[in-house]
Amino acid sequence: MDKDAIRPNPASIHAAGDNRARPSRIKLILEMIKFEHSIFALPFALTGALLAARFAAQGNSGWPTPRQVLWIVVAMVGARSAAMTINRIADLQYDRLNPRTAGRALPTGALSLGFAWAFTIASSAVLVIAAWQLNRLALELSPVALAVLFLYSYTKRFTSWSHLVLGFCLGMSPAAAWIAVAGSLDARILLLCAAVTLWVGGFDVLYACQDVEFDRGVALYSVPKRFGVARALQIARGMHIGTVALLAWLAASFSLAWPAWAGIVVVAALLGYEHSLVRPNDLRRLNAAFFTVNGYISILFLLFWGAAIALAAP
């Protein structure tokens, strides 16, 4: 369950006939799908594309074409928009009950449920069209990707490990980008998929610590609810240690140059800092850990690994 608080301005929502009405709706949509958080997954997808262009079996030995990059970005935006919106639809009853989320666009009526469904369908279509523009395998797998994205929204109703399903939703992106460029899949890229899965799953465990009491009250599942906040922080730490280990394995499997290893050190340091921000009895700085640090991690990872891939022999 996504837990990003959205608090639209009622005055702007009801500005009928005002010139600002249309921008207000656009702003609400962007807030609903948390468009700015696309930065979490997109750099890892682009890294997958760079690795495919350099190391794919058919010997691309170069860089992704501008057309490939364009359609990969379009596919990512479509997939994430559909996933975030269906998540808001699925969780609407809980968002209305949770004081921290009751101000979101759907609970307040700022956006209608019908509009949300239409937006989900349109975003899903964008993903399929983008996949069609890339290659046949990408098109054939696009319904599978959508099924996984939609499944996540319901997992907290029956498993404490929904965090890993969310992680896998983003973790699919490097493999999807590899397929988009190469038209096939290399097992090595699955290491990056697993690393992203643990990375996202770990910080979702951290963020879920804020909703322990609410989850207990409405019978939802989560790692913090099952194990307690203190143990949940340890589990998240273990996931992030796994992330670093998998990145090292990935760098070794492609024999990448020193910038990749420097990037791993930077990622490890930032993850360590992220965990230093939270304590079992003090979650006040959790938003900083969730947004700011993870944004730096994804961007710096792309920069360091992009440099390493550029140094790799064609």
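The values are calculated or read from the model by the stated rules, or taken from the named source; none is laboratory data. Everything quoted here is computed from the prediction, not taken from an experiment. Because the Cβ atoms are built from the backbone with ideal geometry, glycine has one as well, and the counts that use them run over all protein chains shown.
Annotations for the structure displayed:
- Hits in the stretch 96-153 (condition: under 19 Å from Gly171 (Cα atoms) and more than 20 Å from the chain's Cα centre (by Cα)): Leu137, Leu139, Glu140
- Looking across the stretch 155-169, not a single residue is surrounded by fewer than 17 Cβ atoms within 10 Å (Cβ to Cβ) and either more than 30 Å from His240 (Cβ to Cβ) or touching a helix residue (DSSP H, G or I) at 6+ places or on another chain (Cβ under 6 Å) (or both).
- Pro23 more than 30 Å from Val212 (Cβ to Cβ), out of contact with any Asp or Glu (no Cβ under 6 Å at 6 or more places or on another chain) and modelled with pLDDT of 90 or more: no
- Taking the stretch 104-120 as the range and being of a type outside the set (A, V, I, L, M), surrounded by fewer than 21 Cβ atoms within 10 Å (Cβ to Cβ) and part of a helix (DSSP H, G or I) as the test, the residues that pass are Pro107, Thr108, Gly114, Phe115, Trp117.
- Residue that is farthest from Phe214 (Cα to Cα), among those in the stretch 93-102 that are in contact (Cβ under 8 Å) with a residue 60 or more places away in the chain and buried (at least 17 other Cβ atoms within 10 Å of the Cβ): Thr101
- Checklist (1) within 23 Å of Tyr207 (Cβ to Cβ); (2) among the hydrophobic types (A, V, I, L, M, F, W, C); (3) under 20 Å from the mean Cα position of the chain (by Cα) applied to Leu220, failing item: (3)
- Residue match in the stretch 284-304 (condition: on the phi < 0 side of the Ramachandran plot, at pLDDT below 95, aliphatic (A, V, I, L, M) and surrounded by fewer than 16 Cβ atoms within 10 Å (Cβ to Cβ)): yes
- Sole residue being buried (at least 18 other Cβ atoms within 10 Å of the Cβ) and in a helix (DSSP H, G or I), chosen from Ala307, Ala260, Ala245: Ala260
- On inspection, Arg67 fails the criterion of being under 28 Å from Tyr296 (Cβ atoms) and basic (Lys, Arg).
- Residue check for Ser298: touching a residue at least 12 places away in the same chain (Cβ under 8 Å) and either closer than 14 Å to Tyr207 by Cβ or part of a helix (DSSP H, G or I) (or both): yes
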